[in-house]
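A.B. asks: To start, I am sharing the structure in question, which I have written as structure tokens.
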Amino acid sequence: MVVLGIDPGYAITGYGLVQGAGAGIKCVAYGVIRTDAGDSLPRRLSVIHERVASVIAEFKPDTGAIEEVFFSRNAKTAIGVSHGRGVAMLAAYGCGMELREYTPMQVKQAVVGYGNADKGQVQRMVRALLALEAIPKPDDAADALAVAICHYHSHGMARLGAGR
């Protein structure tokens, strides 16, 4: 079973794909979708939509998940991220896949075992769980892999030996 994880944004949207491998889990692919700050918001959202659909078409994940927006101090940033999140969800739905949603705390709990883990702890666990030589860069890609790992573990796919 291939699982897609998405770390939404409108400047950078991370994506990561993992697959059950025997008793473990392996990385299939990861990367980011970057939009040009000089482009209009509709153009940037269109790029995110097209690229998410392209990733789904290329890797054909069986299921997927997306991180919920964490509202901090900057409402403008949260609104932009929400726009990016919405079009990523729409792209997945248009490809026949609904995305499960997880809070940042749920992702940290599933990956690290501690809901208040810091970003560095999550990234180190992503590297360890996927047996990668280095922490995936940029951070958005590592975060997307964490979302995929969370979904994989949260739905018992690991117990099922979910290989494709």
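A.B. asks: Okay, helix-only estimate at 222 nm for the chain: each DSSP H run of n ≥ 4 adds -39500 (n - 2.57), divide by all residues, round to 500 deg cm²/dmol; what do you get?
C.D. replies: That calculation yields -15000 deg cm²/dmol at 222 nm.
A.B. asks: Further, regarding this structure: Straight-line reach from LYS60: which lysines have Cα under 19 Å away, leaving out those fewer than 8 places along the same chain?
C.D. replies: Output for LYS60: LYS26.
A.B. asks: Over the chain, what is the mean sequence separation of C-alpha contacts under 8 Å (at least six apart), divided by residue count, expressed as relative contact order in percent?
C.D. replies: Working: 335 pairs, mean separation 57.7, N = 164.
Over the chain, the number comes to 35 percent.
A.B. asks: Of LEU132, LEU145, which has the most accessible area with a 1.4 Å probe, and how do the rest follow in descending order?
C.D. replies: Final ranking, largest accessible area leading: LEU132, LEU145.
A.B. asks: Add +1 for every Lys or Arg and -1 for every Asp or Glu among the other residues with Cβ under 15 Å from the Cβ of GLU133, and state the total.
C.D. replies: Value of the local net charge: +4.
A.B. asks: At 1.4 Å probe radius, can you tell me the per residue accessible area of the chain in Å²?
C.D. replies: 50 Å²
A.B. asks: Quick check for me: using +1 on Lys/Arg Cβ and -1 on Asp/Glu Cβ, what's the dipole size of the chain about its Cα centre, in debye to the nearest 20?
C.D. replies: Result for the chain is approximately 160 debye, rounded to the nearest 20.
A.B. asks: Given a Förster distance of 45 Å, report the FRET efficiency between HIS155 and THR77 from their Cβ-Cβ distance, rounded to the nearest 0.05. Intermediate results must be reported in sequence, preceding the final value.
C.D. replies: Values: r = 30 Å, r/R0 = 0.67.
Calculated transfer efficiency: 0.90.
A.B. asks: How big is the C-alpha Rg of segment 24-101 next to the rule-of-thumb value 2.2 N^0.38 Å, as a ratio?
C.D. replies: With N residues counted in segment 24-101, Rg over 2.2 N^0.38 Å equals 1.17.
A.B. asks: Please work out the Kirkwood hydrodynamic radius for the chain, using every pair of different C-alpha atoms, and report it in angstroms with one decimal place. Present the calculation step by step, with values, prior to reporting the outcome.
C.D. replies: Working: mean 1/r = 0.0645 Å⁻¹.
One decimal place: 15.5 Å for the Kirkwood radius.
A.B. asks: Report the Cα centroid-to-centroid distance between segment 55-69 and segment 73-139 in angstrom, as an integer.
C.D. replies: When both Cα centres are located, 12 Å separates them.
A.B. asks: Got a sec? What order do LYS108, LYS119, LYS76 fall in by accessible area at 1.4 Å, biggest, i.e. largest, first?
C.D. replies: Details: LYS108 60, LYS119 100, LYS76 160 Å².
From most exposed to least exposed: LYS76, LYS119, LYS108.
A.B. asks: Pick out, from ALA21, LEU90, LEU41, the residue whose Cα sits farthest towards the positive end of the charge dipole of segment 1-92, with +1 on the Cβ of Lys and Arg and -1 on the Cβ of Asp and Glu.
C.D. replies: Result: LEU41, furthest along the dipole toward the positive end.
A.B. asks: Give the carbon-plus-sulfur fraction of the accessible surface of segment 6-164 in %, rounded to a whole number; probe 1.4 Å, heavy atoms of protein chains only.
C.D. replies: 52 percent
A.B. asks: Straight-line reach from LYS108: which aspartates and glutamates have a Cα under 16 Å away, not including same-chain ones fewer than 8 places off?
C.D. replies: Result set, ordered by chain and number: ASP7, GLU67, GLU68, ASP118, ASP139, ASP140, ASP143.
The values are calculated or read from the model by the stated rules, or taken from the named source; none is laboratory data. What you see is a predicted model; the values in this text were computed from it and never measured. Positions of Cβ are generated from backbone atoms using ideal geometry, with glycine treated the same way; all protein chains shown enter the neighbour counts. SASA here: full protein model, heavy atoms, side chains in, ligands and nucleic acids out. Shrake-Rupley method; radii C 1.70, N 1.55, O 1.52, S 1.80 Å.
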